[in-house]
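Here's the structure, in C-alpha cells; my notes come after.
The values are calculated or read from the model by the stated rules, or taken from the named source; none is laboratory data. Nothing here was measured: the structure is a model prediction, and the numbers come from that model. Every residue, glycine among them, receives a Cβ derived from its backbone with ideal geometry; neighbour counts consider all protein chains shown. Surface accessibility is based on the protein's heavy atoms, side chains included, excluding ligands, DNA and RNA. Shrake-Rupley method; radii C 1.70, N 1.55, O 1.52, S 1.80 Å.
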Amino acid sequence: MVSRWFDSTDRSKKNRIMYLTDFQHGTQAKNNLEKEIKTYLETLDRILIDDVDFTKFQQLILEKVREFNKKHPKAKPKSPNYWSGTGEDVFLSGIECVVFKFLKVKITSLHLKK
C-alpha cells in the first residue's frame, strides 16, 4: 500500500506523462533488413521519452525503417505502424521479428512521510 509510506497530497507539482521504450526479442530475423531493424530497435530499449516529444520520436523510428527498406531493396519492405488497442501502452506492429512497445508512465512526486 503506497499511502502508508508516501505522502502524495502535494498537488503543487503537475503529474507528467512519459513513455518508456521496451524492446523484446520476437522471432529470429529472416534477412538483413530485419536484422538491421532489430539491432536498431534494440539500441532504443529503456529510453524515457517525454510526452511532448513522443510523436516526433515515433516518426523518427518510422523514417529509420524507411531508410533500411531503401538500403535492402531485395527484402520485402516493412510498413510498420503504431496501435494501442484498448490500453495506454503503444505497440510498434509490422515488424514480426521483434516486440517493441512504449509503456505509458505517470511521473508524480511522492515524498516519504516523517
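What the table shows:
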| quantity | calculated |
| --- | --- |
| By accessible area with a 1.4 Å probe, ligands and nucleic acids excluded, highest first: order of K35, K106, K70 | K70, K106, K35 |
| Sum of side-chain charges, D89 neighbourhood, beta-carbon under 9 Å (Lys, Arg +1; Asp, Glu -1) | 0 |
| Base-10 log of normalised Debye intensity for the range 18-73 (one unit scatterer per alpha-carbon) at q = 0.24, 0.30 Å⁻¹ | -1.00, -1.22 |
| Rounded accessible area per residue of the range 23-106, 1.4 Å, Å² | 64 |
| Qualifying aspartates and glutamates (Cα of each under 14 Å from Cα of K64; at least 8 residues distant if same chain) | E34, E36, E42 |
| Environment charge at L48 (Cβ cut-off 12 Å; Lys +1, Arg +1, Asp -1, Glu -1) | -2 |
| Accessible carbon and sulfur surface of the range 18-114 relative to its total accessible area, %, 1.4 Å | 52 |
| Pairs from K56/K78; K70/K106; K71/K104; K35/K106 whose Cα-Cα separation, in the structure shown, is over 30 Å | K70/K106; K71/K104; K35/K106 |
